[in-house]
Amino acid sequence: MQAIADQVTAPLISALMVLVNLLPAGIADAFQYAFMQRALLTSVLVGAICGLLSCYVVLKRWSLLGDAISHAVLPGVAIAYLLGWPFFIGAFITGALTSLGIGAIERHTRIKSDAAMGLMFTGAFALGIVIISKIATSTHLMHILFGNVLGVQPTNMLLTLAASVITLLVIWLAYRPLLLYTFDPQQAQALGFNTSIVHYGLILLLTLTIVASLETVGIILVVAMLITPGATAHMLTDRFATMLWLSVAVGVSSAVLGLWLSVVLDVASGGSIVLVATGLFFLALLFSPKHGVIMRQWRRWRMMA
Amino acid sequence: MSSDIANHAAIRVEGVYAAYQRQPVLSDINLDFPRGRWTAIVGPNGAGKSTLFRVLTGSMSPLKGELSAFGERIFHARRAGRIAYMAQREAIEWDFPISVWDTVMTGRFGHMREDPLWQRLAPSRFVHSRHTEAVRSALADVDMLDFADRHISALSGGQKKRVLLARCLAQSADILLLDEPLAGVDPPSEALILEVLAGQRKAGRTVIMVTHDMPGARRYVDHVVLINRTVRGTGSPEDMLSDARLATLAVGSSDDDLQD
C-alpha cells in the first residue's frame, strides 16, 4: 500500500515542485523536505475540492449541514481506530449515517432542520469524544480535531487524491443536474430528474470531502474550507462556472499560503490555512468590483451627488 | 369509455389525496385536464391549489391516487420533456450567480439527455444549436432578448416573471404548468404573459395555470377547475366564475392558517 502510494504521488509531487521552484528561493526553501512536499500536495488537493464543494454548500445554505457532518465523523474515526480499520471507512460511515438521521428526523417529526442537525451532530461528536478518551492519548485527539498536515502519511495522501478525483469526476459528469438542483430543485423535479439521488449524492460527496480533509485542517476547521472559498467567490462573480473556478483558486491559495505561513511562523497549520481564507474573504468583501462594500458606497455616494 | 376520455385528457388525476405532515390538504381529487385547452385552477387561500400544483409537477408525492399524462405514467411524460413548468417568483433564489440566458437554458436540461455524450460533457458553449435556438426564441417571445446577459437579480418584478415564462417556453413541451403566472406583475407584463399563453394554446399546447386573476381568467381561459380541498366544480369560465358560484366556493374555507 505504502509503495503504491509513493508511486502514484511521486510524479504529482515532482510536478508541483517544478512550480514551487519558480518561487523566490526564500519561499521555495521551506519545501525541500519530503514531509513538506507531502503536506503541500495534500493541501493543494484539499483546497481544490473544498473550494468546489463550498460553492454548493454556500448556495444551498448547507453550512450547518457541513458542520454537522464534519463533527459526526469523529465517532467513526474512533471506532475504526478501535477495530484497526483505515480511519476513513469509519469516518465515512458515521458521517453518512448522521446525515441520513438528520433527514429522517426532519421529514418525519415536527423538529425543524436546524435543531435536527444540532442534536444529531453534537450527539455523534460526544460519542466520539467518549470513545477516544477511553482508547487514545490527547495528542491523538488533538490531531483529529485540528489536523496534522505536516505528519500526513503517503497512504492517507492517496486517499485524499482518490477523493479529489472522484469529486472532480462527479461534478463534471453531473454538472447540469447538480446546478439545477442547487438553483431550483422544483424545476429539476418537473424535468424528471431524480432529485433524491442528486440530493444524497451531493451529501455523500460532502462527506467524502470532509473525510479527505481531516488530516489537513481537522474536524473543527474543515467547515471553514467548505464555506469561505465559496462565499468569497460569490462576492466576486455573477456566473456559476466562474464561481467554481474562483472558489478553487481561493481554496488552493489559502491552503498553500497558510501552510507556508504555518512553517515560517511556527503556528498550527489548520488554523493558519483557515485564517488566510478568512482574510481573502474580507478582501473580497471590501474590494469586490461589483458587490464589494467600497464600490457600493461609492456608487451610492455618486448617485446622491 | 374511459379510454376515450384518456385520449382527450392531457393530464388525468384519479383519487389523489395529499397531506402536509398528516394534515390533510387534498382529498379524493378526480380531474381530467382537457388536451389543447387553457385551464385555470381557482380557489380561495388555503384551498390546496399550490399543493395540487406541486403534485402535478412532481415536487410532492400524493398519499394515494394516480396521475397520468397522455395515458402514460406522468413521470415518463416528465422525463420525455412533455411537461413544462413555470415557478412562482418566490421559488427562486435571485442572488444565485446565473444570467438570464443561462436561467432559460436550464429549461433545456431535460432535452439535453438526448444529446450525444461528448456534447453533454463539453462546456456549455458547445451545446447543440437546437437548445440555443429554443432559448433565443423563448426570450424573444417574452421580449427579453436584450437582457440575456444580465444577472437575474438586476431585473424588475415583471421582467423576472417573463424570464420564468421564457424558461417554461424553452422546454418545448406539450403541457405548460404555471403557478400564479400573473401574481405581482405590472400591467404591461401581464398583458404580454396572457398573449404569449394565448399563442401557446393556439399552437395546440395544453395550458394549466393556478390563478387569482378573475378578469384575466374570464377573458382568456376556456376551462375552469374550482378547488377547495377537493374538486368543487369543473366547466366553462361563464359557469364557474360567476359571482354566485365563487361565493359558495369560499364557504367552509376559513382555516386560513393552513398552508396554501
**Message:** Here are the criteria: (1) aliphatic (A, V, I, L, M); (2) outside any loop (DSSP other than H, G, I, E, B); (3) touching a His at 6+ places or on another chain (Cβ under 7 Å). Tell me which single one B:VAL207 does not satisfy.
**Reply:** (3)
**Asked** Any residue in the range B:57-73 that is closer than 29 Å to A:ARG107 by Cα, of a type in the set (A, V, I, L, M, F, W, C), open to solvent by 30 Å² or more (accessible area, probe 1.4 Å) and in the same structural domain as B:SER236 (by TED's automatic domain parsing)?
**Response** yes
**Prompt:** Which of (1) within 17 Å of A:LEU52 (Cβ to Cβ); (2) open to solvent by less than 30 Å² (accessible area, probe 1.4 Å) is the odd one out, the single condition A:VAL170 does not satisfy?
**Reply:** (2)
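Conditions (1) more than 25 Å from A:THR155 (Cα to Cα); (2) of a type in the set (S, T, N, Q); (3) in contact with a Lys or Arg (Cβ under 6 Å, 6 or more places away or on another chain); (4) surrounded by fewer than 19 Cβ atoms within 10 Å (Cβ to Cβ), marked per residue:
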position	(1), (2), (3), (4)
A:MET36	no, no, no, yes
A:THR42	no, yes, no, no
A:LEU52	no, no, no, no
A:LEU64	yes, no, no, yes
**Request:** Give the residue, chosen from B:ILE74, B:ILE98, that is within 20 Å of the chain's Cα centre (by Cα) and facing chain A (nearest Cβ under 10 Å).
**Result:** B:ILE74
**Asked** Residues B:GLY81, B:GLY107: which one is assigned to a helix (DSSP H, G or I), under 21 Å from A:PRO185 (Cβ atoms), under 14 Å from the mean Cα position of the chain (by Cα) and at the interface with another protein chain (Cβ under 8 Å from one of its Cβ atoms)?
**Response** B:GLY107
**Item:** Flag if B:LEU165 is out of contact with any Pro (no Cβ under 8 Å at 6 or more places or on another chain), within 26 Å of B:PRO44 (Cα to Cα) and in a helix (DSSP H, G or I)
**Value:** no
**Prompt:** So which of A:LEU158, A:LEU150 is in contact with a Phe, Trp or Tyr (Cβ under 8 Å, 6 or more places away or on another chain) and either away from chain B (no Cβ under 14 Å) or within 30 Å of B:TYR20 (Cβ to Cβ) (or both)?
**Reply:** A:LEU150
**Message:** What's the total number of residues in the range B:156-169 that are of a type in the set (A, V, I, L, M) and over 13 Å from the mean Cα position of the chain (by Cα)?
**Reply:** 1
**Request:** Take the range A:16-30 and flag every residue that is assigned to a helix (DSSP H, G or I) and surrounded by 11 or more Cβ atoms within 10 Å (Cβ to Cβ).
**Result:** A:LEU16, A:MET17, A:LEU19, A:VAL20, A:ILE27, A:ALA28, A:ASP29, A:ALA30
**Meets criteria (of a type outside the set (D, E, K, R), at pLDDT 90 or above and over 16 Å from the mean Cα position of the chain (by Cα)) for A:LEU265** = yes
**Fill in**
A:ASP29 passes all but one of the listed conditions (1) in contact with a Phe, Trp or Tyr (Cβ under 8 Å, 6 or more places away or on another chain); (2) over 28 Å from A:LEU226 (Cα atoms); the exception is number (1)
**Message:** Just to check your reading of the model, which residue among A:LEU191, A:LEU214, A:LEU206 is modelled with pLDDT under 95, surrounded by 24 or more Cβ atoms within 10 Å (Cβ to Cβ) and within 11 Å of another protein chain (Cβ to nearest Cβ)?
**Reply:** A:LEU191
**Fill in**
Within the range A:239-257, residues open to solvent by 20 Å² or more (accessible area, probe 1.4 Å) and either touching a Ser or Thr at 6+ places or on another chain (Cβ under 7 Å) or facing chain B (nearest Cβ under 10 Å) (or both) come out as A:ARG239, A:ALA241, A:THR242, A:LEU246, A:VAL256
**Complete:** Counted residues in the range A:261-294 being open to solvent by 60 Å² or more (accessible area, probe 1.4 Å), more than 18 Å from A:VAL222 (Cβ to Cβ) and in contact (Cβ under 8 Å) with a residue 60 or more places away in the chain come to 1
**Request:** Could you please give the count of residues in the range B:127-147 that are outside any loop (DSSP other than H, G, I, E, B) and either among the β-branched types (Val, Ile, Thr) or surrounded by 23 or more Cβ atoms within 10 Å (Cβ to Cβ) (or both)?
**Result:** 4
**Prompt:** For the range B:186-196, does any single residue satisfy the condition of being among the β-branched types (Val, Ile, Thr), modelled with pLDDT of 90 or more and open to solvent by less than 60 Å² (accessible area, probe 1.4 Å)?
**Reply:** yes
**Prompt:** Only one of B:ALA40, B:ALA47, B:ALA91, B:ALA18 is within 14 Å of another protein chain (Cβ to nearest Cβ), open to solvent by less than 50 Å² (accessible area, probe 1.4 Å), touching a residue at least 24 places away in the same chain (Cβ under 8 Å) and in contact with a strand residue (DSSP E or B) (Cβ under 9 Å, 6 or more places away or on another chain); which?
**Reply:** B:ALA91
**Message:** Can you confirm whether B:ARG150 is open to solvent by 10 Å² or more (accessible area, probe 1.4 Å) and of a type outside the set (A, V, I, L, M)?
**Reply:** yes
**Complete:** Of (1) surrounded by fewer than 23 Cβ atoms within 10 Å (Cβ to Cβ); (2) more than 14 Å from the chain's Cα centre (by Cα); (3) small (Gly, Ala, Ser), A:SER164 satisfies every one except (2)
**Prompt:** Quick one: would you say A:ALA96 is touching a residue at least 12 places away in the same chain (Cβ under 8 Å), of a type in the set (Gly, Ala, Ser) and in contact with a helix residue (DSSP H, G or I) (Cβ under 9 Å, 6 or more places away or on another chain)?
**Reply:** yes
**Complete:** Only one of B:ARG108, B:ARG78 is in the same structural domain as B:THR211 (by TED's automatic domain parsing), open to solvent by less than 60 Å² (accessible area, probe 1.4 Å) and under 17 Å from B:LEU169 (Cα atoms), namely B:ARG78
**Prompt:** Which residue pairs have Cβ atoms closer than 8 Å, lie 6 or more positions apart in sequence or on different chains, and pair a first residue in the range B:126-150 that is farther than 21 Å from B:VAL196 by Cα and in the same structural domain as B:MET105 (by TED's automatic domain parsing) with a second residue that is among the hydroxyl-bearing types (Ser, Thr, Tyr) and at pLDDT 95 or above?
**Reply:** B:ASP149/B:SER99; B:ARG150/B:SER99
**Item:** Selection status of B:LEU155, touching a residue at least 40 places away in the same chain (Cβ under 8 Å), open to solvent by less than 50 Å² (accessible area, probe 1.4 Å), away from every other protein chain (no Cβ under 11 Å) and not in a helix (DSSP H, G or I)
**Value:** yes
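The values are calculated or read from the model by the stated rules, or taken from the named source; none is laboratory data. Everything numeric in this text was worked out from a predicted model, so none of it was measured. Please note: Cβ atoms are built from the backbone with ideal geometry, for glycine as well, and neighbour counts cover all protein chains shown. Ligands, DNA and RNA are stripped out before the accessible areas are found, and what is left, the full protein with its side chains, is counted by its heavy atoms. Shrake-Rupley method; radii C 1.70, N 1.55, O 1.52, S 1.80 Å.
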